[in-house]
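Reviewing the structure listed below.
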Amino acid sequence: MAIDFDRTEKEASVADRVLQERHVEEITEDLPHLPDFSEFDVAFRPVDECKFGDMRSAFYAGYEEADREHVLIGTAGRRLAEGKTLVSTTFVVPYPPGFPVLVPGQVVSKEIVYFLAQLDVKEIHGYNHDLGLSVFTETALARMEAQRNAAMAAVGSVTAAFELPADAGTNGARNNGANDAPAVPSVAEGS
C-alpha cells in the first residue's frame, strides 16, 4: 500500500499535489469547533437533577421503528428554532475528527446542528445524508418519560440512590500513597 502511495505521489502533477495538500488541510485543520455535550433528555435521566443518563436504554429504545423519525440537518435547525426538542437515537460520529457528537438519548443542540452542517466530510457514522438524523418521536419521548416517572413514583424518592460518593472524582481509584509526592514550596513561599 505504501508503495502505491509513493508511486501515485511521484506520478502526480503539480496541480494534483496542490489538490492533495488542500484536501489534507481541509480534513485536519479547517474543521469547525467541536461542540460541547448538551445533555441527556429527561426520559433517559434517572432523576431530573442529575446530568448523567442511561445511554444503554436510549440505544435499545432507538431500535423501535415506530419510536423514531429522521430529520434532515436544515429541518432540525428549524425545529430547534421553534422550541422543539430533538433527541438522538444513535451515535453520530463524523470522520474526522472520529469523536461522537451525539450519543443515544442526548438532546440535539443548535451548536451540534451547526457543527454537522459545517462539516465538509463524506463519512458521518450514524447520519444518513438522504434521510437525516435519527431522533425519537415526541410521542415516544413522552411515553418513555411517563414510564420513568411511574417507576420513580413506585419506588419513592430515588435521589439518594444516585448521590455520588465523596471520592467520585477519582473514578473509584484507591490512593495507596504510591503517587503521593512531597510538597514542593512555591516560588512565592520561598525555599
Checklist entry - How about the stretch 101-128: which of its residues are surrounded by fewer than 17 Cβ atoms within 10 Å (Cβ to Cβ) and part of a loop (DSSP other than H, G, I, E, B)? => result Asp120, Val121, Lys122
Next on the checklist: For the stretch 53-67, give me each residue that is assigned to a loop (DSSP other than H, G, I, E, B) and within 18 Å of Val108 (Cβ to Cβ).
Outcome noted: Gly53, Asp54, Gly62
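If only one of Glu9, Glu49, Glu25 is modelled with pLDDT under 95, in contact with a helix residue (DSSP H, G or I) (Cβ under 9 Å, 6 or more places away or on another chain), surrounded by fewer than 13 Cβ atoms within 10 Å (Cβ to Cβ) and in a helix (DSSP H, G or I), which one is it?
That would be Glu9, the only listed residue that is modelled with pLDDT under 95, in contact with a helix residue (DSSP H, G or I) (Cβ under 9 Å, 6 or more places away or on another chain), surrounded by fewer than 13 Cβ atoms within 10 Å (Cβ to Cβ) and in a helix (DSSP H, G or I).
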Checklist outcome for this item: Taking first residues from the stretch 132-148 that are free of Cβ contacts under 8 Å to residues at least 40 places away in the same chain and second residues anywhere that are surrounded by 15 or more Cβ atoms within 10 Å (Cβ to Cβ) and aromatic (Phe, Trp, Tyr), the pairs with Cβ under 7 Å that are 6 or more apart or on different chains are none
Checklist entry - Among the listed residues Phe5, Phe44, Phe59, Phe40, which satisfies the condition of being without any contact (Cβ under 8 Å) to a residue 24 or more places away in the chain and either of a type outside the set (A, V, I, L, M) or more than 15 Å from Phe136 (Cα to Cα) (or both)? => result Phe5
Checklist outcome for this item: Counted residues in the stretch 12-22 being of a type outside the set (Lys, Arg), surrounded by 10 or more Cβ atoms within 10 Å (Cβ to Cβ) and assigned to a helix (DSSP H, G or I) come to 5
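For (1) closer than 19 Å to Ala61 by Cα; (2) modelled with pLDDT of 95 or more, each residue gets a yes or a no:
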site	(1), (2)
Ala81	no, yes
Thr85	yes, yes
Thr89	yes, yes
Val103	yes, yes
Leu116	no, no
Lys122	no, no
His129	no, no
Leu141	yes, yes
Checklist entry - Do the conditions hold for Leu131, that is, is it over 13 Å from the mean Cα position of the chain (by Cα), surrounded by 12 or more Cβ atoms within 10 Å (Cβ to Cβ) and not charged (D, E, K, R)? => result no
Checklist entry - Is it true that Ala43 is under 18 Å from Tyr127 (Cβ atoms), buried (at least 17 other Cβ atoms within 10 Å of the Cβ), within 20 Å of the chain's Cα centre (by Cα) and among the hydrophobic types (A, V, I, L, M, F, W, C)? => result no
Checklist entry - Would you pick out the residues in the stretch 73-100 that are of a type in the set (A, V, I, L, M, F, W, C), outside any helix (DSSP H, G or I) and in contact with a Lys or Arg (Cβ under 7 Å, 6 or more places away or on another chain)? => result Leu86
Item to check | Test: His70 is modelled with pLDDT under 85 and either part of a helix (DSSP H, G or I) or under 18 Å from the mean Cα position of the chain (by Cα) (or both) | outcome: no
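The values are calculated or read from the model by the stated rules, or taken from the named source; none is laboratory data. Owing to the predicted nature of the structure, the values given are computational and were not obtained by experimental measurement. Cβ coordinates were reconstructed from backbone atoms using ideal geometry, including for glycine residues, and neighbour counts include every protein chain displayed.
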